[in-house]
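K.L.:
There's a structure below that I have some questions on.
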Amino acid sequence: MPSGDQVLEASFFGSKLPNADIENIVLYNIGSFRTAGRNGIRFEHGSAVPPAPDGTAYPFCYRYSLVSRSSSFAHWRGGRTLASFDWTDLGAFSGEKKPAQVWLALSSAEAEVATVRRLPDTTFAVRVHVRPPQGTQPVWGGLVKGIFDGVITAFQSHSDTTNLGEVAKRISTTVSVDTTSIEQYLLDQRRGVLGSVPKLAAAYRDGVKWDPSDHWCVAGELLAAAPVGRNWAIKGEVIEVSRPEVIDAE
């Protein structure tokens, strides 16, 4: 059981498929971590694979530990801030379409964004605080994917206008916003500091498939905040990150 100032740190070491998401590797393919992650979850793509206790070398490694919530990422160094946003209301935050709910809330709210976009192939991290309603103890491991996908999507832009009207119509049935506003949010180049993709959202079966560049998110942190009122709320930032420089000892 974590103490009040501890969060779960989940790290994966080794090579991954180019389009694989770290949060999927360390969380969704393993479990929800209901108890260990009750105060929050931090995840990272580690660097070199550490040797086993007996010295055996393995191609990859998973590591889970409880760390101080005030500590920083262990394997990445923070760079410039790409986007930041203060407390933003998420309403009831119910149902299965959580990425769309986070995307809409942030797309229509005030946010500080960098004037220069992230360069292609530049790694980044997302840090968020999430405030649940009073009387609620969320299973954060089950919410990380939807929240992070929504945040990343909110700071990317959509460039392919083919079938955009149909895509906006389908999204509007989920978030109850007019299609004109949805199209404007999707095409907003100024806010798309994480870059533009041809089809950030695309018609898929009877709904919509979101396709943000979350595979470049190599580290993330979700910290639980004290409840205030009956609604969910979120605040956070997106930052560029890089590997710390290794200085050889002379």
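The values are calculated or read from the model by the stated rules, or taken from the named source; none is laboratory data. These numbers were taken from a predicted model, which means no experiment stands behind them. Every residue, glycine among them, receives a Cβ derived from its backbone with ideal geometry; neighbour counts consider all protein chains shown.
K.L.:
If I ask for residues that are within 20 Å of Ser242 (Cα to Cα), part of a strand (DSSP E or B) and out of contact with any Phe, Trp or Tyr (no Cβ under 6 Å at 6 or more places or on another chain), which ones from the range 74-98 would you list?
P.N.:
Those that are within 20 Å of Ser242 (Cα to Cα), part of a strand (DSSP E or B) and out of contact with any Phe, Trp or Tyr (no Cβ under 6 Å at 6 or more places or on another chain): Arg77, Gly78, Gly79, Arg80, Thr81, Leu82, Ser84.
K.L.:
Does Ala154 count as of a type in the set (Gly, Ala, Ser), surrounded by 22 or more Cβ atoms within 10 Å (Cβ to Cβ) and touching a Phe, Trp or Tyr at 6+ places or on another chain (Cβ under 9 Å)?
P.N.:
Taking the combined requirement at face value, the residue satisfies it.
K.L.:
Condition first: in contact (Cβ under 8 Å) with a residue 60 or more places away in the chain, closer than 13 Å to Asp214 by Cβ and aliphatic (A, V, I, L, M). Now tell me which residues in the range 1-26 satisfy that.
P.N.:
Listed by number, the residues that qualify are Ala20, Ile22.
K.L.:
For the range 200-217, give me each residue that is over 19 Å from Gly146 (Cβ atoms) and either modelled with pLDDT of 95 or more or among the hydrophobic types (A, V, I, L, M, F, W, C) (or both).
P.N.:
Ala203
K.L.:
Tell me, please, whether a residue that is of a type in the set (A, V, I, L, M), modelled with pLDDT under 95 and under 21 Å from Asp149 (Cβ atoms) can be found in the range 83-96.
P.N.:
Within the range 83-96, one or more residues are of a type in the set (A, V, I, L, M), modelled with pLDDT under 95 and under 21 Å from Asp149 (Cβ atoms).
K.L.:
Please determine whether any residue of the range 169-180 is in a strand (DSSP E or B), touching a residue at least 40 places away in the same chain (Cβ under 8 Å) and either crowded, with 21+ Cβ neighbours inside 10 Å or in contact with a Phe, Trp or Tyr (Cβ under 7 Å, 6 or more places away or on another chain) (or both).
P.N.:
no
K.L.:
Please note which strands (runs of 3 or more DSSP E) are completely contained in the range 191-239 and include at least 3 residues that are buried (at least 18 other Cβ atoms within 10 Å of the Cβ).
P.N.:
Result: 217-224.
K.L.:
Only one of these is assigned to a helix (DSSP H, G or I) and either in contact with a Phe, Trp or Tyr (Cβ under 6 Å, 6 or more places away or on another chain) or farther than 24 Å from Asn24 by Cβ (or both): Gly135, Gly141. Name it.
P.N.:
Answer to the check: Gly141.
K.L.:
Out of the residues in the range 29-61 meeting the condition of being closer than 23 Å to Trp210 by Cβ and in contact with a helix residue (DSSP H, G or I) (Cβ under 6 Å, 6 or more places away or on another chain), tell me which one is surrounded by the fewest Cβ atoms within 10 Å (Cβ to Cβ).
P.N.:
Ser32
K.L.:
Being surrounded by 21 or more Cβ atoms within 10 Å (Cβ to Cβ) and β-branched (Val, Ile, Thr) is the filter here; which residues of the range 99-134 pass it?
P.N.:
Val102, Val126, Val128, Val130
K.L.:
Within the set of pairs 6 or more residues apart or between chains, which connect a residue that is within 16 Å of Lys98 (Cα to Cα) and among the hydrophobic types (A, V, I, L, M, F, W, C) inside the range 119-144 to a residue that is in a loop (DSSP other than H, G, I, E, B) and modelled with pLDDT under 95 with Cβ atoms less than 6 Å apart?
P.N.:
So the pair list comes out as Val139/Ser32; Val139/Arg34.
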